[in-house]
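Participant: The following block contains the structure, expressed as structure tokens.
The values are calculated or read from the model by the stated rules, or taken from the named source; none is laboratory data. For clarity, every value in this text was computed on a predicted model and none was experimentally measured. Glycine gets a Cβ as well: all are built from the backbone with ideal geometry, and neighbour counts include every protein chain shown. Note: areas computed on protein heavy atoms with side chains; ligands, DNA, RNA excluded. Shrake-Rupley method; radii C 1.70, N 1.55, O 1.52, S 1.80 Å.
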Amino acid sequence: RPARPSAPRGAAVACCLLASAGHAWHPTGHGTFECTSITSTNPDLWLEWFPNGSVTCKYGHTEVDGRCDHPEHGVRRAPCRCQTQVEAEYLIVKGAQMSLWISLSALLVGSCCSWCTCRGTGYVQRKFGPDADRGA
């Protein structure tokens with residue numbers, strides 16, 4: 001019979017690959033984004049106005065063009081504006097949906113790893129357990 005790869009080793013490889021992929025994945029880069037200024041022409045969107053023209057936003061802020069992309073490395077700076085309530089709600093829902101999918105994926109991978117580990121443990125117990133033929 002050809003040798004079959006052990007289930008625990010396969011589970012360990014799958015977990016390592018998942019961890020590596022999770023660490024490497026970032027949609028826009030590992031750098032940071034900073035606002036050079038935060039402004040708004042609509043006073044309904046800010047809580048406090050400062051003499052330098054900056055404001056404190058009610059619903060958060062985003063880059064003027066709405067992207068806030070992170071560079072691959074280092075810091076990217078650009079002017080920002082206050083978000084509307086609709087934009088803030090959309091981003092919250094979008095983030096919640098992404099978290100849900102990531103959680104479900106982790107649950108699925110964890111379940112598969114657990115199944116493989118249990119199957120491998122059963123194999124080891126059958127092969128080396130008290131009822132195994134030890135040829136003594």
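Participant: Per the Kirkwood definition applied to all pairs of different Cα atoms, how many angstroms is the hydrodynamic radius of region 28-124? Numbers along the way, then the final one.
Facilitator: Numbers: mean 1/r = 0.0602 Å⁻¹.
Kirkwood hydrodynamic radius for region 28-124: 16.6 Å.
Participant: Right, another one. Given H placed on each backbone N at 1.01 Å, which residues far from Phe33 in sequence or on other chains put an amide H within less than 5 Å of it?
Facilitator: Close amide H contacts, sequence-distant or interchain: Arg76.
Participant: Taking all protein chains in place and a 1.4 Å probe, what share, in percent, of the accessible surface of region 79-133 do carbon and sulfur account for?
Facilitator: Carbon and sulfur together cover 68 percent of it.
Participant: Over region 28-124, calculate the relative contact order: mean separation of alpha carbon pairs under 8 Å at least 6 apart, over the residue count, as a percent.
Facilitator: 31 percent
Participant: Give the ranking of Cys112, Cys82, Cys35 by solvent-accessible surface, highest area first, calculated with a 1.4 Å probe.
Facilitator: Largest accessible area first, the list is Cys112, Cys35, Cys82.
Participant: For a label point 7 Å from the Cα of Asp44 along Cα→C-beta, name the residues of region 64-104 whose backbone N is under 14 Å from it.
Facilitator: 83-87
Participant: To continue, here is another question. Kindly provide the trypsin sites (Lys or Arg not before Pro) of region 59-136 that DSSP labels as loop, not H, G, I, E or B, and whose Cβ sees at most 10 other Cβ atoms within 10 Å.
Facilitator: Those satisfying the criteria are Arg134.
Participant: Please list, ordered by chain and number, the residues whose modelled amide H lies under 5 Å from the amide H of His61; skip anything fewer than 5 residues away on the same chain.
Facilitator: The list, which skips near neighbours in sequence, is Gln83.
Participant: Looking at region 35-120, which GluC sites (Glu not before Pro) are in a loop (DSSP not H, G, I, E or B) and have at most 12 other Cβ atoms within 10 Å?
Facilitator: The qualifying sites are Glu72.
Participant: Accessible area per residue, 1.4 Å probe, Å², for region 28-124: what's the number?
Facilitator: With the other protein chains kept in place, region 28-124 gives 69 Å² per residue.
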